[in-house]
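First up is the structure itself, then whatever we jot down about it.
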Amino acid sequence: MKRYSAQALAVAALTLFAPALAHASAIAPAPLDLTGTGYGIAAILVFTVAYILVVAEEAIHLRKSKPVMVAAALIWVLVPLAYQAHGKVDLPGELLRDNILEYAELLLFLLAAMTYINTLQERRVFDALRAWLVSRGFTLRGIFWITGLLGFFISPLADNLTTALLMGAVVLAVARDRPQFVAVSYINIVVAANAGGAFSPFGDITTLMVWQKHIVTFTQFFNLFLPALVNWLVPAVILSFAVPRGRPDPLAEEVRIKRGGLVIIGLFLLTIGAAVGFHHFLHLPPMLGMMAGLGLLKFYGYFIKLAERRALLAANGQVDESRVFDVFAQLQRAEWDTLMFFYGVILCVGGLSALGYLALASSTVYNGLGPTWANVLVGLLSAIVDNIPVMYAVLTMHPDMSLGQWLLVTLTAGVGGSLLSIGSAAGVGLMGQARGVYTFFAHLRWTWAIALGYAASIGVHLWLNAAQMHVMVGAP
């Protein structure tokens, strides 16, 4: 067994916790190894302090974007100072521009996707689905399985947080007075939403990052469908035995989708198709297809606005602009704290990479443990640390792995957060939705069942996609 110094192991651990999302292009110059310099050590300290503040967000109520944005600036001040001592004055600027380009592509992609989701919410598409479900009169066990199944299949298109909150609202609407059922159903929804996002480029930020790096193609993600399904079904079957019997009274709730809601669903699907087509056939960044789709939404929003103004004028003799659709209002509702957090993450990790820390971490973790165990560890880290920084660190290191191993780390990073309620946005969101009922310890009670699903999904992937374990992926 290889032996490593305490410094190397500490660096590896800190780097895996590092928030990052950018990648060096194929023509980017290689960074220097400055890990042992005073500038490098100072950069690690700056990042560590920033990430401690990120982890403590719920306790101190400091938005997570603030510390990483400041840390990014400080780290990139240290990088050129370190390079100047080696006569490399221009290299840091080149490395930083690569990071900014990566962030720009991600920002524009997510901005379009978030605007579509916000618009569907505003047009009451999700409210209509919830109302339909709560008015059907399903049994508690039926609600348990339906919300889990829908969570699994909606999250590949919508983000896991939106999916989880939608399904959680259904559970609360029909069984608010049954806390045991709510807690068990919420656990099921979190696992389902995270698992469903693992086999689609659009299901999670981590899968989107892997897809945009040209490591896994759009269709190759579907190799993870059965492993992801097993990841949800194993704990779901176990949890189902804790679902009480009974049939809650159906609620007579009816919600009508606002004007243009169904058309916007079609536009969203067309936009996703455009993103895939731009990426696969034209070899252009998928964000171009997403932005084209956003343009179509803005055009269609113009006609919705005209129609709603005419309707209000005919009904009231005047127009209340607050009741008229405005696509820019939905654009403003984007999760800007999250988008700015990504900026800080990308630049922080990019700076650490420029100082040589990710090369050291790659050598220590992937060469030391081997890719399979290292990728399993990535999933376990995702239960404690946000999976985005963990995955970005892996992408920035870009260890020499086969397609099967890249699919494995995509799977584990996506579903590992289900092990704890704080391990994913879906879990954190549902803890706020059912405060005091779905709690950290209520989830922890069933972590053993979720861990069985985690292990089973890895086993199914290693068996089902064994041929992919020998298909090597080139450098980005």
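The values are calculated or read from the model by the stated rules, or taken from the named source; none is laboratory data. Since this is a predicted model, take the numbers as computed values, not measurements. FYI the Cβ positions are ideal-geometry reconstructions off the backbone, even for glycines, and counts take in every protein chain you see. Only protein heavy atoms, including side chains, enter the accessible area calculation; ligands, DNA and RNA are left aside. Shrake-Rupley method; radii C 1.70, N 1.55, O 1.52, S 1.80 Å.
What aspartates and glutamates sit close enough to LYS213 to cross-link, taking a C-alpha to C-alpha distance under 18 Å and skipping anything fewer than 8 places away on the same chain?
ASP98, GLU102, GLU105, ASP204, ASP400
First measure r as the distance between the Cβ atoms of GLU94 and ARG245, then evaluate 1/(1 + (r/R0)^6) with R0 = 51 Å and state the FRET efficiency to the nearest 0.05.
Approximately 0.20, to the nearest 0.05.
Taking θ = phi - 60°, what integer Hz values does the Karplus form 6.51 cos²θ - 1.76 cosθ + 1.60 yield along region 316-324, in sequence order, with x for Gly and Pro?
10, x, 8, 10, 8, 4, 5, 9, 9
Can you list the HN-Hα couplings for region 134-143, worked out from phi with the Karplus curve (6.51, -1.76, 1.60; θ = phi - 60°), rounded to whole Hz and with x for Gly and Pro?
6, 9, 8, x, 5, 6, 4, 5, x, 5
Once both axes come from the Cα atoms, what is the angle between helix 160-175 and the longest principal axis of the chain, in degrees from 0 to 90, rounded to 10?
Taking the Cα atoms of the chain, the angle to 160-175 is about 40 degrees.
What FRET efficiency, computed as 1/(1 + (r/R0)^6) with R0 = 22 Å and r the Cβ-Cβ distance, is obtained for PHE281 and PHE222, rounded to the nearest 0.05?
My answer for the efficiency is 0.75.
Would you mind putting 133-146, 396-409 in packing order, based on average other-beta-carbon counts within 10 Å, highest first?
396-409, 133-146
Compute the helix-to-body angle for 65-84: its Cα long axis versus the longest principal axis of the chain, expressed 0 to 90° and rounded to tens.
20 degrees
What does the helix-only formula give at 222 nm for the chain: each DSSP H stretch with n ≥ 4 adding -39500 (n - 2.57), the total divided by the residues, and the result rounded to the nearest 500 deg cm²/dmol?
-22000 deg cm²/dmol
Within region 377-394, whose backbone N sits under 16 Å from a point 7 Å along Cα→Cβ of LEU462?
377-380
With θ taken as phi - 60° and the coefficients 6.51, -1.76 and 1.60, list the Karplus ³J(HN,Hα) couplings across region 210-225 in order, rounded to whole Hz; mark glycine and proline as x.
Result, ordered by residue: 5, 5, 5, 7, 6, 7, 10, 7, 4, 6, 5, 4, 5, 4, 8, 4 Hz.
So if we plug the beta-carbon distance of HIS214 and VAL255 into 1/(1 + (r/R0)^6) with R0 = 45 Å, what FRET efficiency do we get, rounded to 0.05?
It comes out at approximately 0.60.
For ALA85 and VAL319 in one chain, what is 0.36 nm times their gap in residues minus the Cα-Cα distance, to one decimal in nm?
Contour length minus the Cα-Cα distance gives 77.7 nm.
When a/c is below 1.5 the answer is rounded, else prolate if a/b is larger than b/c, else oblate, so apply that to region 345-399 with a ≥ b ≥ c taken from the square roots of the Cα gyration tensor eigenvalues.
Oblate is the answer for region 345-399, as a/c is 1.5 or above yet b/c matches or exceeds a/b.
Report, to the nearest 10°, how far helix 336-354 tilts away from the longest principal axis of the Cα atoms in the chain, using its own Cα long axis and a range of 0 to 90°.
20 degrees
For the chain, what is the accessible area per residue in Å², given a 1.4 Å probe and the full set of protein chains?
Value for the chain: 43 Å² per residue.
How much length, in nm to one decimal, is gained on full extension between TRP448 and LYS305, taken as 0.36 nm per residue of separation minus their Cα-Cα distance?
46.4 nm
Over the chain, what is the mean sequence separation of C-alpha contacts under 8 Å (at least six apart), divided by residue count, expressed as relative contact order in percent?
Relative CO of the chain lands at 28 percent.
Tell me which lysines have Cα within less than 29 Å of LYS305's Cα, excluding those fewer than 8 residues away on the same chain?
Those lysines meeting the cut-off are LYS258.
Could you tell me the distance between the Cα centroids of region 414-451 and region 147-218, to the nearest Å?
So the two Cα centres are separated by 12 Å.
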